[in-house]
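The values are calculated or read from the model by the stated rules, or taken from the named source; none is laboratory data. Nothing here was measured: the structure is a model prediction, and the numbers come from that model. Positions of Cβ are backbone-derived with ideal geometry, glycine not excepted, and every protein chain shown enters the neighbour counts.
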Amino acid sequence: MSTERLRSTARALVAPGRGILAADESTPTITKRLQAHRIPSTEWTRRDWRELLITAIDAKRWISGVILYDETIHQLTGDGTPFPEAIQRRGMIPGIKVDIGTQPLPGSTSEKVTEGLDGLEARLTRYAQLGARFAKWRAIFTIADGLPSNACLQQNAERLARYAARCQQQGLVPIIEPEVLIEGEHSLERCAEVTEQTLAGVFQALRAHDVDLEGALLKANMVLAGADCPQRADAAEVAAGTLRCMRAVLPAALCGVVFLSGGQDPREATANLRAINSHGRQPWELSFSFGRALQQDALAIWGGDPDRAPAAQAAFLQRARANGLARVHTQGTTHGEIAA
């Protein structure tokens with residue numbers, strides 16, 4: 001794929017009023033979510049749930065792309081259509097999670113490094129043949145006394161950069177996800193400090209590996225107080241802290257940022273996204289790549305019952321629309337322009 005085609009795909013993923021559906025939960029993760037609603041987790045229930053999401057009428061008005069899991073990208077929808085083809089037919093872009101999860105950082109009992117570089121080129125080639133046009137790799141960082149360590153920061157940054165370079169060599173837009181986890185008692189200020197430190201290391205590694213930032217996206221956490229912090233921050237404080245961090249570190253050449261919801265309540269995530277965009281245009285598009293924050297309400301309604309699928313799809317579209325509108329809160333794009 002040419003450099004311009006990579007950049008065009010990246011721009012399409014963060015087009016105004018649209019964002020990415022993260023439907024790439026690992027089998028253990030989606031099993032927990034299904035079972036919480038008394039839905040058995042089987043190959044077929046997982047397929048049915050993800051098919052429900054991608055076939056919601058006019059999802060493309062608010063959703064630009066869908067990140068799939070390895071199981072799903074090989075599956076067919078109920079009418080026999082491969083998932084990537086079904087997504088493309090509906091005006092969205094198919095993507096794929098390509099890391100294979102985390103392992104303990106050598107010498108640490110609490111930190112993780114993400115695995116998956118071995119055999120990555122072959123997997124990327126196969127996924128591209130199946131129809132994927134972008135990929136995602138997630139690294140995680142814990143805030144605690146003395147954490148994250150320099151070893152954790154450096155090793156994950158290097159792996160993210162090597163992944164991104166290989167994606168672009170294989171014609172896929174890389175989504176680079178260094179997530180600072182919300183778990184903990186840390187303050188918003190401490191989250192900002194760690195997020196800035198993490199992103200600085202990642203972008204240093206990306207430059208060292210000659211990653212084309214105009215053909216790449218960053219999937220970043222918002223700057224939030226820890227889940228157990230007694231002092232909560234409102235949306236205005238989250239937006240101010242997040243933008244200070246982004247402006248301090250992110251190169252202007254980067255195509256865009258797609259924020260993760262990171263354990264936030266769906267409405268909280270939307271309110272924070274709206275507040276971030278209320279500051280006006282930035283050098284990069286500021287969009288969303290939400291999983292649970294888009295799916296939670298719909299999953300509770302569906303409950304595994306096919307008769308409830310239309311109501312579940314309506315709930316999913318409502319959340320997608322809310323986040324699409326949050327993106328254009330002050331960017332001069334009207335609801336009518338998005339809907340056209």
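Per the listing 320, 298, 293, 269, the residue uniquely among the small types (Gly, Ala, Ser), under 18 Å from residue 15 (Cβ atoms) and buried (at least 23 other Cβ atoms within 10 Å of the Cβ) is 320.
Contact annotation: residue pairs with Cβ atoms under 6 Å, 6 or more positions apart or on different chains, pairing a residue in segment 96-114 that is more than 14 Å from residue 176 (Cα to Cα) and part of a strand (DSSP E or B) with a partner that is hydroxyl-bearing (Ser, Thr, Tyr) and at pLDDT 95 or above, are 102/114; 112/102.
Within segment 12-33, the set of residues being under 15 Å from the mean Cα position of the chain (by Cα) and either loosely packed, with under 14 Cβ neighbours inside 10 Å or over 19 Å from residue 320 (Cα atoms) (or both) comprises 26 only. Flag set for residue 253, criterion: surrounded by fewer than 19 Cβ atoms within 10 Å (Cβ to Cβ), in contact with a helix residue (DSSP H, G or I) (Cβ under 6 Å, 6 or more places away or on another chain) and either among the polar types (S, T, N, Q) or in contact (Cβ under 8 Å) with a residue 40 or more places away in the chain (or both). When 309, 293 are screened for being in a helix (DSSP H, G or I), among the aliphatic types (A, V, I, L, M) and in contact (Cβ under 8 Å) with a residue 60 or more places away in the chain, only 309 passes.
For every residue, the table says whether it meets (1) within 19 Å of residue 134 (Cα to Cα); (2) assigned to a loop (DSSP other than H, G, I, E, B).
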{"site": "45", "(1), (2)": "no, no"}
{"site": "48", "(1), (2)": "no, no"}
{"site": "52", "(1), (2)": "no, no"}
{"site": "56", "(1), (2)": "no, yes"}
{"site": "60", "(1), (2)": "yes, no"}
{"site": "72", "(1), (2)": "yes, no"}
{"site": "79", "(1), (2)": "no, yes"}
{"site": "85", "(1), (2)": "yes, no"}
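When segment 277-315 is filtered for residues that are more than 24 Å from residue 179 (Cα to Cα) and touching a helix residue (DSSP H, G or I) at 6+ places or on another chain (Cβ under 7 Å), the ones remaining, listed by number, are 298, 299, 301, 302, 304, 308, 309, 311, 312, 313, 315. Residues in segment 34-43 that are surrounded by 12 or more Cβ atoms within 10 Å (Cβ to Cβ) and part of a helix (DSSP H, G or I): 34 only. Checking 181, 147 one by one, the residue that is in contact with a Phe, Trp or Tyr (Cβ under 9 Å, 6 or more places away or on another chain), surrounded by fewer than 17 Cβ atoms within 10 Å (Cβ to Cβ) and within 21 Å of residue 109 (Cβ to Cβ) is 147 and no other.
Listed here are the residues, each with its yes/no results for (1) under 21 Å from residue 314 (Cβ atoms); (2) touching a helix residue (DSSP H, G or I) at 6+ places or on another chain (Cβ under 9 Å); (3) of a type in the set (Ser, Thr, Tyr); (4) surrounded by fewer than 22 Cβ atoms within 10 Å (Cβ to Cβ).
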{"site": "58", "(1), (2), (3), (4)": "yes, yes, no, yes"}
{"site": "62", "(1), (2), (3), (4)": "yes, yes, no, no"}
{"site": "66", "(1), (2), (3), (4)": "yes, yes, no, no"}
{"site": "77", "(1), (2), (3), (4)": "yes, yes, yes, yes"}
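Here's a check for you: in segment 197-244, which residue that is surrounded by 20 or more Cβ atoms within 10 Å (Cβ to Cβ), of a type in the set (S, T, N, Q) and under 21 Å from residue 270 (Cα atoms) is nearest to the chain's Cα centre (by Cα)? Among residues in segment 197-244 that are surrounded by 20 or more Cβ atoms within 10 Å (Cβ to Cβ), of a type in the set (S, T, N, Q) and under 21 Å from residue 270 (Cα atoms), the one nearest to the chain's Cα centre (by Cα) is 221.
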